[in-house]
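Take a look at the structure set out below.
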Amino acid sequence: MRTKLIITLFTLIVSLPTNVIGKDHSKKFHPGALWPDNKGIHINAHGGGILYYKRTYYWFGEYKSDTTSAAMVGVTCYSSKNLLDWTNRGVALSVSDDENSDIAKGCVLERPKVVYNQKTKKFVMWFHLELKGNGYSAARYGVATSNVVTGPYHFLCSGRVNPNVYPINFSKDDSISIRNQYSNLISLKWWTPEWYDAIKKGLFMFRDLPGGQMARDQTIFVDDDNKAYHIYSSEDNLTLQVAELSDDYTSHTGKYARIAPSNMNEAPAIFKKDGIYWMITSGCTGWDPNEARMFMARHIMGPWTQLPNPCIGAESKITFGGQSTYILRVEGKKNAYIFMADIWRPKHPSDARYIWLPIDFKAGRPVIQWRSEWQLDYLNK
Ligand code: GAL
């Protein structure tokens, strides 16, 4: 009887798909290396983010061409059960052949992030959009939705954030003083101490009030209470902002706050652990890597406090050659987070690489260390 049971159990285990019994978990992450998909082709989903839905991870990112960083295809989607083996699920959001579309082929469409809205049962994609032929001057967010996780996503709208609304962490006195001095301050020479001071006090936020706040590098964070937030580089990349989203996640509510004014942060990636929000960002050096920054807060709207660079060891001053894009919480494990970054290759954009590294916690603070290879089991400890 016992032998029969053992044989049955054994047969059951070997007949299970490999991703369920965990064979693939013995495989390793190789940060910075080529990462082949199910067809053996290097994954093309840059500046991406991950959505966990119905026991599957979906990776959405920018499709990069061989010779240009402009969006010639759109946002791609890959799926995986084990975070190592990824199946190409095709283009989730296509750029448009209509030259008049906001997302015309050749626009800049970066850092897409997809979240699932439990109320509407829709998948909502947010991204940074620059209109075709206008460099980086539009500084808009874009939104697309789908009833199916892998798409096709339908473009909904693009724009700037919360026109004519002041941030919540800006006093009436501040607004009176900036209004009275506006014409003097706006003509200040850039990068001078007086100019920095004016930026801190909200000069560019005030300048952009009529049309709405600029929105470039971005991420979306869904909190435990299902409220979602858009976190983006604003005010000419000098100041981050965090804006609350509507219940259906497709627009802003008007409630937003400024973070680290004049500190020049890009590439925000955020996670929450034990009631604390942690945010990792980069400085502003375009495609070139720089030193990561870290912030923490007890409330998503702030105040946010800056802490030292979370990266340690060799190459930590240039984030191991990469730039943050997302922090992934690994399902089914406690305190398991993966830091995701991009090693950009502007001369050969499709060859850009991915850095995925486990986040350690030392004295309660996130710490990231380079590993040329590592296994998911590392996060069990
Ligand atoms: C980076 C940004 C990227 C892309 C690039 C363009 O700083 O994080 O998403 O916009 O600049 O130069």
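On C-alpha positions alone, give me the angle between the axis of helix 172-186 and the longest principal axis of the chain, in degrees, nearest 10.
On a 0 to 90 degree scale, this one is about 70.
Using all C-alpha to C-alpha distances in region 257-357, build P(r) with 10 Å bins and read off the rounded percent in each one.
With a bin width of 10 Å, the distribution comes to 15, 46, 32, 8, 0.
Run the simple label-point estimate for Asn164 and Lys333 please: 7 Å along Cα→C-beta, distance reported in nm.
5.0 nm
Output the 0 to 90 degree angle, nearest 10, between the alpha-carbon long axis of helix 2-15 and the longest principal axis computed from the alpha carbons of the chain.
In the chain, helix 2-15 runs at an angle near 40 degrees to the longest axis.
Ranking Ile368, Ile312, Ile343 by Cβ neighbours within 10 Å, fewest first, what do you get?
Ile312, Ile343, Ile368
Calculate the spin-label point distance for Ile276 paired with Leu307, positioning each point 7 Å from the Cα along the beta-carbon direction, and give it in nanometres.
If labels sit at Leu307 and Ile276, their model points lie 0.4 nm apart.
Report for the chain the percent antiparallel among DSSP-assigned beta bridges with both residues inside it, nearest 5.
95 percent
May I ask you to derive the relative contact order of region 330-381, considering only C-alpha pairs under 8 Å and at least 6 residues apart, and to give it as an integer percent?
It comes to 32 percent, rounded to a whole number.
Gap in Å between the Cα centre of region 336-381 and the Cα centre of region 251-302?
Distance between centres, Cα-based: 18 Å.
Given 0.36 nm per residue, what is the gain on full extension from Ser246 to Asp351 after removing their alpha carbon distance, in nm?
Gain on extension, Ser246 to Asp351, equals 34.1 nm.
Counting only chymotrypsin sites (Phe, Trp or Tyr not before Pro) that sit in a DSSP loop (anything but H, G, I, E, B) with at most 11 other Cβ atoms within 10 Å, what is the longest stretch of the chain containing none of them?
Counting at most 11 other Cβ atoms within 10 Å as exposed, the longest clean stretch of the chain is 192-381.
Sort all Cα-Cα distances of region 243-284 into consecutive 5 angstrom bins from zero, then give the percent of pairs in each bin up to the one containing the longest distance.
Spelled out per bin, shortest first, that is 5, 17, 17, 22, 28, 10, 1.
Could you work out the relative contact order of region 86-148, using alpha carbon pairs under 8 angstrom and six or more residues apart, expressed as a whole percent?
26 percent
Restricting to DSSP H runs of at least four residues, report the calculated mean residue ellipticity at 222 nm for the chain, -39500 (n - 2.57) per run over all residues, nearest 500 deg cm²/dmol.
Taking each H run of at least 4 residues, the total per residue is -3500 deg cm²/dmol.
What distance in nm separates the simple spin-label points at His154 and Arg179, each placed 7 Å from Cα in the Cβ direction?
4.2 nm
Just to check I understand the Karplus step: with θ = phi - 60° and J = 6.51 cos²θ - 1.76 cosθ + 1.60, what whole-Hz values come out for region 54-60, glycine and proline as x?
In residue order, the calculated couplings are 6, 6, 9, 8, 10, 9, 10 Hz.
Would you kindly give the portion of the calculated P(r) for region 36-159 that falls above 20 Å, as a percent of all Cα pairs?
It works out to 39 percent of all Cα pairs.
Determine Rg/Rh for the chain; Rg is computed over alpha-carbon atoms and Rh is the Kirkwood hydrodynamic estimate from the same atoms.
My calculation of the ratio gives 1.00.
List, in order, the whole-Hz ³J(HN,Hα) value for each residue of region 274-285 obtained from phi through the Karplus relation with A = 6.51, B = -1.76, C = 1.60 and θ = phi - 60°; use x for Gly and Pro.
6, x, 10, 8, 10, 10, 10, 9, 10, x, 10, 10
Assuming 0.36 nm per residue, please report the length gained on full extension of the stretch Tyr53 to Arg298 beyond their Cα-Cα distance.
85.5 nm
Please list 3J(HN,Hα) in residue order for region 299-316, calculated via the Karplus relation 6.51 cos²θ - 1.76 cosθ + 1.60 where θ = phi - 60°; whole Hz, with x for glycine and proline.
Per residue, the Karplus-derived 3J(HN,Hα) values read 10, 5, 7, x, x, 9, 10, 7, 10, x, 3, x, 7, 10, x, 4, 6, 6 Hz.
Express in nm, to one decimal, how much length is gained between Ser65 and Asn226 on full extension, taking 0.36 nm for each residue of separation and deducting their alpha carbon distance.
That pair, Ser65 and Asn226, stretches by 54.4 nm at full extension.
Among the trypsin sites (Lys or Arg not before Pro) in region 120-179, which ones are in a DSSP loop with at most 11 other Cβ atoms within 10 Å of the Cβ? Mind listing them?
Within region 120-179, the qualifying trypsin sites (Lys or Arg not before Pro) (loop, at most 11 other Cβ atoms within 10 Å) are Lys121.
Could you identify which residue out of Glu244, Glu266, Glu331 has the top mean-square fluctuation in a GNM of the chain using Cα springs shorter than 10 Å?
Among Glu244, Glu266, Glu331, the largest GNM mean-square fluctuation belongs to Glu331.
Provide Val91, Val242 in ascending order of the number of other Cβ atoms located within 10 Å of each residue's Cβ, fewest first.
Val91, Val242
Based on the Cβ-Cβ distance from Arg365 to Trp191, what FRET efficiency comes out when R0 is 35 Å, to the nearest 0.05?
Using R0 = 35 Å, I get an efficiency of 0.65.
Here, each number is a calculation from the coordinates, and none is a lab measurement. A quick note: this is a predicted structure, and the numbers were derived from the prediction, not measured. Positions of Cβ are generated from backbone atoms using ideal geometry, with glycine treated the same way; all protein chains shown enter the neighbour counts.
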